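As structure tokens, the structure follows; a few thoughts come after it.
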Amino acid sequence: MSIIKVLEVMSNSTKSWEDAAQNAVAHAAKSLHNIRSVWVQDQSAIVNNNKITEYRVTVKLSFEIDLTENS
């Protein structure tokens with residue numbers, strides 16, 4: 001049996017929303033294992049001088065909990 005947990009993460013990028021989502025996965029992967037999916041829940045951007053300067057996302061990452069049985 002697998003147990004899947006969902007974690008909400010906020011991330012940003014100066015390139016794109018896709019890059020912001022990738023940054024969220026890459027950063028979370030440093031401490032989480034078995035990431036299975038990412039759902040972009042929300043997108044926003046910062047605008048300066050009529051140009052987007054920062055893309056922001058709120059994502060939900062699902063990952064499998066490792067249930068190692070002790071013998």
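Some points to look at:
- Residues (among the small types (G, A, S) and under 9 Å from V59 (Cβ atoms)) located in the range 1-22: S11, A20, A21
- Of all residues in the range 1-30 being in a strand (DSSP E or B) and more than 8 Å from the chain's Cα centre (by Cα), the one that is nearest to T53 (Cα to Cα): S13
- Condition met for I3 (surrounded by 13 or more Cβ atoms within 10 Å (Cβ to Cβ), touching a Leu at 6+ places or on another chain (Cβ under 8 Å) and of a type outside the set (S, T, N, Q)): no
- The set of residues in the range 31-48 being outside any strand (DSSP E or B) and either aromatic (F, W, Y) or loosely packed, with under 12 Cβ neighbours inside 10 Å (or both) consists of S31, H33.
- Residues (among the aliphatic types (A, V, I, L, M) and farther than 27 Å from M1 by Cβ) located in the range 18-71: A20, A21, A24, A26, V40, A45, I46, V47, I52, V57
- Here is the figure for the range 55-71: residues that are more than 16 Å from the chain's Cα centre (by Cα) and surrounded by 14 or more Cβ atoms within 10 Å (Cβ to Cβ) total 0.
Bear in mind these aren't lab numbers, they're just calculated from the coordinates by the rules spelled out. Just so it is clear, the model here is predicted, and its values are computed rather than measured. Quick reminder, even Gly has a Cβ in these numbers, built from the backbone with ideal geometry, and neighbours come from all protein chains shown.
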